[in-house]
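These notes concern the structure reproduced below.
The values are calculated or read from the model by the stated rules, or taken from the named source; none is laboratory data. Bear in mind the structure is a predicted one, so any value in this text is a computation, not a measurement. Every residue, glycine among them, receives a Cβ derived from its backbone with ideal geometry; neighbour counts consider all protein chains shown.
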Amino acid sequence: MLQPVAVGTKKLADYTHICGRDLIDEIHALAEPLQGARVVQLSATAFGGGVAEILYTLIPLMNDVGLECEWQVIYGREEFFNATKLMHNALQGNPQDLSAEEWGIWEKYNEMNSRELSSGWDVCLVHDPQPAGLYKLLPEKAKGWVWRCHIDVSTPNPDTIARLLPWISDYPEALFHMPAYVPEGMHGRIHIVPPAIDPLAPKNMALSPEDASYVCQQFGIDVDRPLLCQVSRFDPWKDPLGVIDAYRLVKEEIPDVQLALVGSMASDDPEGWDYFNATIAHAAGDPDVHILNNFNNVGAIEVNAFQSHADVLIQKSTREGFGLTVSEAIWKGRPFIGGNVGGIPLQVENGVSGYLVDDVETCAARSVDILRDPALGKALGRRGKEHVRKHFLTPRYLRDYLKIFTELSA
Ligand code: UDP
């Protein structure tokens, strides 16, 4: 019932010209003693959101350097995903905890999935809280266990984290994006490792300005007028309504500005559609606000085109685990404005490689600054891209994982 995901192939050598030979050599050296290691990665969905995005790159590269790595998606029905969505929100600070019944549902599906998982793995790498119970339930299925937390648990709902803690605290290795995200009471080794983006994936590969604007045009964007753009799920914490408010303030100063809100709907996110509709309602029929999702044929190339073409890229989150969209945006060399929360400040140095903002008004003011001064936007974008190149591309992330696998097998 665990669904294997086909990930295709990628070659680490193709990244040499982007990341430099030293890093590539270091990765091969680390991979040498791990040849043939059987690694299974478990996640809740193969579609939508940051985790899926990362695994489509990381797993082929692990295979390319000699590991035998597989990705399996756990089995779950709506009742499970409703419970895990609540858990996700509560762990990021929402006051509503799961009911006893919902906790029971979470446990029931973890038990089912742990029974279904095959044995004989060298490493089982579990992503996020949805399948986090597997280690406790059947630890003998793998020699080494790693829990990768992708969310911000710095101020969790106390009841929710207390209830989850016994399930996660004994993982021998656990990874978090930032020190602040590590819950108290973890007993294993803790690693602070932010994720990364794939510079060669269709979403991030170099696209010519002509191709980018050609694609945007097909979605009704007037490519001769300025464009603000945010790419993210339709979720209260991504604050698309705040982006619309900021756009309205910009429009008072620069009347021909347009806004594109591009968002994918994830199969494990039942709230997404409600919030998508709320976003449409908030835009109130403004013809210069373009609200698009993957059901309108907006896939990776289209996201790339919007990010490559936009004059200002925004990620106005009020809460953010890491925010892969931030590195994705900055990698396009376009000026970026983001909420000063979660992993966003790791990726943007305020005033140097973009702007960090705390409210709608500042978001609008910085957008106006950039739109009025293209040289400023260019300089921010250029510096941002170099920062991402150094810190947030997949080969660096692959190296960090190989180091952890080495520790596990020691
Ligand atoms: N994404 C996408 N299409 C969209 C919106 C989002 O492909 O319309 C991708 C986005 O490019 C990024 C991921 O979904 O790779 C979102 O990851 P992030 O860490 O920004 O946020 P999460 O959704 O995991 O909270």
Checked against (1) within 16 Å of F405 (Cα to Cα); (2) at pLDDT below 95, D122 satisfies every condition except (2)
Find all pairs meeting these conditions: Cβ atoms under 9 angstrom apart; at least six residues apart or on different chains; first residue within region 99-126 and touching a residue at least 60 places away in the same chain (Cβ under 8 Å); second residue in a helix (DSSP H, G or I) and hydroxyl-bearing (S, T, Y).
D122/S409; V123/S409; C124/Y135; L125/Y401; V126/Y135
Scan region 332-350 for residues that are within 11 Å of the ligand (Cβ to nearest atom) and either outside any loop (DSSP other than H, G, I, E, B) or polar (S, T, N, Q) (or both) and jot them down.
G338, I344, Q347
Test: N297 is within 13 Å of the ligand (Cβ to nearest atom) and at pLDDT below 95
yes
I'm told P194 meets every condition in (1) of a type outside the set (V, I, T); (2) in contact with a Leu (Cβ under 9 Å, 6 or more places away or on another chain); (3) surrounded by fewer than 16 Cβ atoms within 10 Å (Cβ to Cβ); (4) at pLDDT 95 or above except one. Can you identify the failing condition by its number?
(3)
Tell me yes or no: at least one residue of region 374-397 is more than 25 Å from L207 (Cβ to Cβ) and either crowded, with 16+ Cβ neighbours inside 10 Å or of a type outside the set (G, A, S) (or both).
no
Look at I161 and say whether it is within 14 Å of M87 (Cα to Cα), touching a His at 6+ places or on another chain (Cβ under 7 Å) and either at pLDDT 95 or above or surrounded by 16 or more Cβ atoms within 10 Å (Cβ to Cβ) (or both).
no
For residues in region 187-205 being in contact (Cβ under 8 Å) with a residue 24 or more places away in the chain and of a type in the set (A, V, I, L, M, F, W, C), which is farthest from T16 (Cα to Cα)?
V193
Selection within region 224-234 - surrounded by fewer than 20 Cβ atoms within 10 Å (Cβ to Cβ) and either acidic (D, E) or near the ligand (Cβ under 9 Å from one of its atoms) (or both):
D224
State all residues of region 183-203 that are within 16 Å of the ligand (Cβ to nearest atom) and part of a loop (DSSP other than H, G, I, E, B); if no residue qualifies, say none.
V193, P194, P195, A196, D198, P199, L200, A201, P202, K203
Read through the list (1) assigned to a helix (DSSP H, G or I); (2) surrounded by 15 or more Cβ atoms within 10 Å (Cβ to Cβ); (3) of a type in the set (A, V, I, L, M, F, W, C), then give the number of the only condition that W145 fails.
(1)
Counted residues in region 306-324 being within 18 Å of P202 (Cα to Cα), at pLDDT 95 or above and within 12 Å of the ligand (Cβ to nearest atom) come to 2
Being among the small types (G, A, S), touching a residue at least 40 places away in the same chain (Cβ under 8 Å) and more than 22 Å from V5 (Cα to Cα) is the filter here; which residues of region 58-98 pass it?
A90, G93
Just checking: which of the helices (runs of 4 or more DSSP H) contained wholly in region 1-115 hold 2 or more residues that are in contact with a helix residue (DSSP H, G or I) (Cβ under 8 Å, 6 or more places away or on another chain) and farther than 23 Å from I168 by Cβ?
16-19, 21-31, 49-64
Picked from region 236-264 (must be touching a strand residue (DSSP E or B) at 6+ places or on another chain (Cβ under 8 Å) and β-branched (V, I, T)), the residue nearest to the ligand (Cβ to nearest atom) is V262
Filter result for A90 (within 16 Å of the ligand (Cβ to nearest atom), touching a Gly at 6+ places or on another chain (Cβ under 7 Å) and within 20 Å of R233 (Cα to Cα)):
no
Residue among A206, A212, A281 that alone is among the small types (G, A, S) and within 16 Å of the ligand (Cβ to nearest atom):
A212
From (1) in contact with a Lys or Arg (Cβ under 9 Å, 6 or more places away or on another chain); (2) in contact (Cβ under 8 Å) with a residue 24 or more places away in the chain; (3) not small (G, A, S), pick out the condition that doesn't hold for K390.
(2)
